[in-house]
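Inspection log for the structure reproduced underneath, given as structure tokens.
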Amino acid sequence: MLAVALQPLHAVAVLLGLSLATTSIHVLAADPPSQDTGNNPIVKDPINNLSYRGTITTLPSSSSANPKVQIEHYLNIRFASAPRFSPPTPFLYQSGSLIDATLPGPACPQSLPAIPPFFAETHAISEDCLNLRISRPAGTAPDANLPVVVHIHGGGVVKGSAYDPHFDPDRLLSLSVELGEPIIYVAINYRLTIFGFPRLPVLKKQKALNLGMRDQRVALEWVRDNIVYFGGDPSRVTAFGLSAGGTFTSLQMVAYAGEKGAPFTRAWMMSGPPGTALNMTEEKETERHTRNVAERVGCIFKKPEDDEDLLSCLRNVPMEELTEKAMGYSVENHPPAGLFTFIPSVDGDFIPERQSVLYQSGRVVKGIPTILSWAQDDGATNAGPAPLFVSEESMIPALTSFLGHSILSPSDISTLFSLYPESDFLEEYQSYLSRKSDTDPEAPIHYFRISRILRDILFTCSSIDFGHHLSRASYSEDPDFAGVRLYTLNQSMLTPLFKGAGMPWLGAVHGSDTNYIFNGVFPEFGDACSEEDGKLAREMAGAFVRFAASGDPSPKEKGKRENEDEGWVWPEAFGGRELEDGVEAKRGMEELRGVNVHVIGGPVGTGSCKVRHHGFVADGEDLGSMQKPIVGEGVEYREMGGKDDVEEKAKKPKQLRRKREALLEREKLLKRCAFINTLNEKLGV
């Protein structure tokens, strides 16, 4: 969901901050980049007669041939302007301008305090915030045609900006140069909270809902149309983001029912599928929030026919006051961080229908190579403190706090609990007992159950469902479609912080991907990390770079991999001979018979497993589907490898492979998701 895991984490942010000084961990120190103020690089746009003046940072490289790497940065480039509560319009610099792009631009209105270890303090906010940043290897030629990655930040629609140090691109770009696949990095701002997602009938008539997503759209179109001047390839633009950033990326793929295409060509979404229990059909609820904030700032108009006056009044409230009152109301509505108050909604225009209705009916932008993911413990921070879950009954409040008190029937909840029995979580529970110290809190088995239920509802099942339908629709139009891939992250740099804060039960939690995909960026530790985390960061960031370049994260020479690439041959999640019992699926899968899931990191190592159903169904087929759940308990997990399977088994330790298979086998993903996806209409996704 939109950074759902920040909700309970914000309550322990102070503890996490304190733990930085007290937690002991063996780290590899990273030398900070140096700022070069002597020579300012210039990028020229000859078509529009513009020049952009940037800055250069220098950082060390692990390559002996090039011990230092220089990165150029172009900051605060305006891409749109937008009066309050109005759709954005592209911003055009005056011809002949020399644009000073040496300093960061302001963030959009939001709360200022940091939320460690995910967001830094916001120093400057302004409604004139629709700007972006571009970073590239120094000396990139105008005709370099480099792949481009565009970061859409997360933050629950209450926090985040293009300049947060948690998203610093230097280490990622340096690695791309070292790998011989240099890329260009872009990050964008968009309107948040009530400024980005107000709701009133008059705004719907003006096609002025989902303003934050419209901002993103204009920014992505700017990149498509202008990145060539910075040496970028507009035909290789990867939109990526975590949590809210991932959800927004996926929603851009169903925007306008897919009829207007997407201003990017690849997508990488981390814990952010389109259906993360984001109820976009509750028009009256989101409208109520807007009216309640209006009353708090003195804009009191009770009659619907007075909405134009109400809107005019809201537009004249000082930014600081509206931000303060909107955030205060949001925190009261959804303590402690205020998430889920002002969110996207079905508007009959940008988002014409529920997101799952759109992609399940093929109304989605097809042919975009896509990666979707979840963290292995993605629901852990959503559940709340582990010691609270002393019985099955204690699981219900955690479930209803995210989904609503009257959304699921008692029968729905009973079925959910039966699909996640205590017996399936004995290993997780016993593992925690074996490593907990005498002073560590208890973590009852029911905590592990509700954590997994929330993970699957919010992240896993929607990722699989969206990926399945996108894959099938794309293959139906193009048999050579590059495919959809899935992964679960099983490692986190944040674990020591949580242990220091008294939460040792937390593992690979929501938000853990960021440190790795940015190649070891970790501001809380000065970008230092353990040797094991540094290795995984390099591998994961390398896979991301390869995906940006080719649409495939696997190493180029799959038969002659270097040690760091071991386990990174990454098969498509859906379709293909392996999952079709030898039947070539030229038009995509008619039913979901199986899925490949790539496990990344952790004690079981990195590698892909095949998950398939077994059982009997009415038509005589022995493989189930998401639409037609099977009867029976059997699920088979096998290591991928195709014709090189024997060779792969010889290379990979059998113990790790079996542990990886067992890890996923216990989850019964397809069986559980088959039921969860029947709840889409009730959940409003």
Ascending count of other beta-carbon atoms within 10 Å, so fewest first, for 205, 556, 671: 205, 556, 671
Added length on full extension, which subtracts the Cα-Cα distance from 0.36 nm per residue, residue 434 to residue 557: 40.2 nm
Which listed pairs, of 205/302; 260/671; 205/260, have C-alpha distances above 31 Å, in listed order: 260/671
Difference of contour (0.36 nm per residue) and Cα-Cα distance, residue 422 to residue 61: 125.1 nm
Label-point gap, in nm, between residue 531 and residue 415 - each point 7 angstrom along Cα→Cβ: 5.1 nm
Simple spin-label estimate for residue 308 and residue 47 in nanometres, 7 Å along Cα-Cβ: 4.0 nm
Hull-based mean projected area of region 72-200, where the convex hull spans the alpha carbons, in square nanometres: 9.2 nm²
When each of 68/499; 159/303; 207/303; 44/556 is checked by Cα-Cα distance, pairs over 26 Å: 68/499; 159/303; 44/556
Sequence of 681, 392 once ranked by neighbouring C-beta atoms within 10 Å, starting from the fewest: 681, 392
Segment residue 300-residue 92, length gained on full extension (0.36 nm per residue, minus Cα span): 71.2 nm
330, 554, 361 arranged by Cβ crowding within 10 Å, fewest neighbours leading: 361, 554, 330
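Each reported figure results from applying straightforward, stated rules to the coordinates on display, with no laboratory input. All of these numbers come straight from a predicted model, not from anything done at the bench. Because the Cβ atoms are built from the backbone with ideal geometry, glycine has one as well, and the counts that use them run over all protein chains shown.
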